[in-house]
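Readers should treat all values here as calculations from the given coordinates under stated rules, not as data from a laboratory. Since the structure is predicted, the reported quantities are computational estimates derived from the model, not experimental observations. Counting neighbours? That spans all protein chains shown, and the Cβs are built from the backbone with ideal geometry, glycine included.
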Amino acid sequence: MSKYLTIAESQKILGLSKSKVYELKNDPHVKEILGRDIIWEKNPERYLEDDIIILKEKLKRHNTKIICFTAFKGGVGKTTSSGEVGAILAQKGYQTLLIDLDYTQCNLTSDFGEEDEFEGKTLYDVFRMAKTIDEVIHNSRIDNLYYIPGSIRLSEYQAGQLKRTILKEKLEKTNFDFIIIDLPPSINDATFWGLNAATEAYIPVIPDKYSLKGIESNIMTINITKEQTNPKLQLKGLFVTMAQKGTTVAELIKEVVSDKSLPWLNVIIPRRQEVVNARNNGHFVAEINPNSDLIKEYNKLVEVILNGR
Ligand code: ADP
Ligand code: MG
């Protein structure tokens, strides 16, 4: 018997917006690719799986940007930046996938639901070959935004047990405009799975001395990964997060940002309680207060991601 896929399932596989998937049956380009009308059923609307698979190959995007936020320090805004930037890109209409590689905490996963809800449908299940990557991509409450939950069970893999390029290889079978990877705060295997999959790295930095100290080893790790295993990886830049008004900090920011030996971006994310409130209520600020000065600053980062600096 032929297998059919719902709109949501087709959407995930094709990496297209919901309205585009609804319109496939009227799209002359689709007819041209298949050499006939696409086969679909009306109620509930669904498409023949074989047709969607053919379209996936033919419509494949070749320029997916895979972004990672990395810092060998916790609490600097990696997860917040992953979520807010992902939400903004999705709001702009880009098909965007978030991946939670910080398996010790899975904070990004918690932004979408409780960990036990995702049992059997996480990145771990792809790595242990129980699921395909398409099967662990979840639709989020935001249009065009998808996510792959992390799992503490990823820690079951002993150091070096999986290839460092494992995530990169799995992602080759997906079709998104942007993939954003949230990395752990320390160097472990997941750090390397992420850095080897990424094409661009961004480093969030809190303007304090201890945070600044860790930058060097972070950049070195990116450079070594680039030299040894992932020539596509580029360090796009550093940006300040949680900047607070006050002279010492303001001076420190001025000092660090004027250090031209490091690729500082002209992005200074302010410290705002609304970030904490929004996340406590299961939202991103980009969803509930898109005109805030915090999101204005995240928009500058998104501009860099879209157009370079
Ligand atoms: P990391 O992923 O680097 O550990 P998080 O993004 O989880 O850091 O941020 C750490 C904490 O700081 C979280 O509680 C988060 O809600 C909060 N936070 C992040 N960015 C801001 C900000 N701009 N203003 C205020 N609080 C923030
Ligand atoms: Mg985090």
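In a solvent-free Debye calculation with one equal scatterer on each Cα, what is log10 I(q)/I(0) for the range 4-58 at q = 0.15, 0.20, 0.23 Å⁻¹, listed in the order of the q values?
Relative scattering, expressed as log10 I(q)/I(0), comes to -0.33, -0.61, -0.83.
Spin-label point model (7 Å from Cα, Cβ direction): what's the residue 143 to residue 33 distance in nm?
Modelled inter-label distance: 2.1 nm.
What full-extension length gain, to one decimal in nm, is calculated for residue 114 and residue 245 as 0.36 nm per residue of separation minus the Cα-Cα distance?
The span from residue 114 to residue 245 would gain 43.7 nm if fully extended.
Based on the Cβ-Cβ distance of residue 159 and residue 53, what FRET efficiency does E = 1/(1 + (r/R0)^6) give at R0 = 35 Å, to the nearest 0.05?
0.45
Express in nm, to one decimal, how much length is gained between residue 60 and residue 173 on full extension, taking 0.36 nm for each residue of separation and deducting their alpha carbon distance.
39.7 nm
Excluding residues on the same chain fewer than 8 positions from residue 163, give the aspartates and glutamates whose Cα lies under 13 Å from its Cα.
189
Counting C-alpha atoms alone, how compact is the chain: give Rg to one decimal and Dmax as a whole number, in angstrom.
20.1, 70
Quote the charge dipole size of the chain about the Cα centre in Debye, to the nearest 20; the model charges only the Cβ of Lys and Arg (+1) and of Asp and Glu (-1).
740 debye
If you average 1/r over every pair of different alpha-carbon atoms in the range 1-104 and take one over that average, what Kirkwood value in Å do you get? It would help to have the intermediate numbers written out before the result.
Working: mean 1/r = 0.0629 Å⁻¹.
Kirkwood radius, the range 1-104: 15.9 Å.
Run down the lysines and flag those whose C-alpha is under 20 Å from the C-alpha of residue 65, throwing out any fewer than 8 positions away in its chain.
12, 56, 78, 92, 168, 170, 173, 226, 232, 236, 300
Between the helical axis of 78-91 and the dominant principal axis of the chain, each derived from Cα atoms, what acute angle in degrees is found, rounded to the nearest 10?
40 degrees
Pop the C-beta distance of residue 187 and residue 129 into the FRET formula with R0 = 35 Å and round what comes out to the nearest 0.05.
Values: r = 26 Å, r/R0 = 0.74.
E between residue 187 and residue 129, to the nearest 0.05, is 0.85.
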